[in-house]
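Accompanying notes for the structure given below.
FYI, it's all coordinate maths here, none of it is from the lab. Keep in mind that what you see is a predicted model, and the values were worked out from it rather than measured. Every residue, glycine among them, receives a Cβ derived from its backbone with ideal geometry; neighbour counts consider all protein chains shown.
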């Protein structure tokens, strides 16, 4: 078999094998679900009729406030224990390595208060499972933790099995589209490259056939037949190799896979359907050079011409896919990076907050330049527009095994309330040094103090078609509608700051918001329908003294100030009228820590997705073997002459490597342009689907990461080209 045929078959096999292996691995994991559920029920039994409650865990490894979604402690009552019995799965949900010790205290935060529990022991179960208890408390905890306890309904292994299918299936679903597209694109690229080289190497043969009567339709049939045979060969080899690799993988870890392997039928079916389509598209793309062969060329004695175009396009598509993923990820991550104009830190005092009198104790904190209350309130926007699309969690009837109503929809009695687009009103004694795109800071501060005026973000201004002097109408509830005059528009990113500090989503409001609207305390009080005696201060924000921040650094400075705040508030823990100890969890959220955590999380997520096209780019590099073989054949006489005049084998190989390097560099340049365009289009589509989140339209190209990827792509090409060139020259010399 020709080198071009081998490369095409192996490339298609690698693409098919990746899809079949991943889909079959998911199916294999799902097959273990019942066995894993039986293990969980045996290792983590729950007593019949036990009460349960879900609370947030305020756990800080190494003293740092965890960035990202909160850790959820699903606690159930168990008799005969003295303190909290904790499963390791509680900490595995955030991959915490440094676990607390027996005897340490954990802080749990509910809707009504914060509570402390002492660790009495650990349960050896490390897999997080949604909807199943990961902590056990003694019966006395029901009275000590004043929250909405619900009866836990025991489940069988069959009922619990879906809990073990969700993670792998969901992650596969996220990457399935990218995986299938990357596999199909890789197969198509290598197939087209092979067909282009085949047409050129058989040009004289095709001309002879044309001269003896072969029609243009006959030529098309020959090309289509070759494309189909190569594709079917790759399908068979890839499927067999993937299933064999899966069996070896499972056999090496039999304890994790007690139920054996399972075949991912959807993955194989997708490959079977895609294979003839790839063959068809490949044949269509190769028709032009095939049909351009003329019968008179049968008398030509020229050597085949070099055909680098197919490999250049293939490499460009492979690198372009990598660039598209990186641009898409960076463009979506950028709006979540807090603007540097935000205050240095936001402090949350949750869940109950403290009085304004208590806040006065925070005026003279060491190292703090200025501090002030940050009072949040979410109000619906007028005209009322129900939240739709991605980001609005609709109530479902799915049973999670805990007997509770769906999480994510605000409740009023047994009635599920509708969620409307809303504004996050933020009242503060001072307005930070935001960048004003309309208006100016001095006049805006003055206007806020004089009446029902507001400062909005550019995101909201674009979404609501607002400009300086317009009115933003809000529905405060109970028939109260207020028109706020826009006295300033500021350019800033706010998502992660408000999310990490839990500024939004309070008082049973959705976590979604169209953005912050800065108002005065008087305006916010007019919009707040709660009795004044129930309104507490839940947040403050602050700026550090520059010298203090420079001397300590972001992380130590935050911990120092946080301890001072806790001490100034009397420890944030107090006895209620019944003598129970409860209080608030005081957490300082540094703007720069949030930014670093967001960047790190985004890099991890995008990096995991970018590995898919980069792996297939390595597969595409196999096409350089066929290209260099064809190039050598087209220049055989030239190489003979060079050898005759004294050229060494390394000098001859250098010529071939130079061709491969030139094609790789050109492909990288072409892929950079095309990938950036595709990445931007994908960003625009994702932004439209996530319209409820108020994401701005941003375009970011991570030049550093892409430069590393470009270098890696060229290295892939050289790793294939150098040994191939040496082997070709050595073989020709032996001949």
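Computed values, structure above
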read-out: Computed over the range 47-153, the ratio Rg/Rh where both radii use C-alpha atoms and Rh is Kirkwood; value: 0.92
read-out: With Cα atoms, 0 to 90° folded angle of helix 623-634 axis to the chain main axis; value: 20 degrees
read-out: Label zone at residue 355 (point 7 Å along Cα-to-Cβ), backbone N below 15 Å, the range 520-549; value: 532-538
read-out: Neighbour-count ranking [beta-carbon atoms within 10 angstrom, fewest first] of 648, 523; value: 648, 523
read-out: Helix 591-620 vs. the chain, principal-axis angle (Cα, 0 to 90°, nearest 10); value: 20 degrees
read-out: Residues 601, 495 arranged by fewest to most Cβ contacts within 10 Å; value: 601, 495
read-out: Gain in span if fully extended, residue 116 to residue 530, counting 0.36 nm per residue against the direct Cα distance; value: 146.1 nm
read-out: Dimensionless Rg over Rh [the chain; C-alpha; Kirkwood]; value: 1.07
read-out: Efficiency of FRET from Cβ geometry, residue 92 and residue 491, R₀ 25 Å, rounded to 0.05; value: 0.05
read-out: Folded to 0 to 90 degrees: helix 309-333 orientation relative to the chain principal axis, Cα; value: 0 degrees
read-out: Pairwise FRET efficiency - residue 142 versus residue 686, Cβ, R0 = 45 Å, nearest 0.05; value: 0.50
read-out: Rounded FRET efficiency, nearest 0.05, which uses the C-beta distance separating residue 341 from residue 611 and R0 of 25 Å; value: 0.10
read-out: Extension reserve of the residue 647-residue 221 stretch, reckoned as 0.36 nm per residue once the Cα distance is removed; value: 149.0 nm
read-out: Cα-projected label distance for residue 446 with residue 465, points at 7 Å along beta-carbon direction, nm; value: 3.2 nm
read-out: Residue order, fewest to most beta carbons within 10 Å, for 136, 673; value: 673, 136
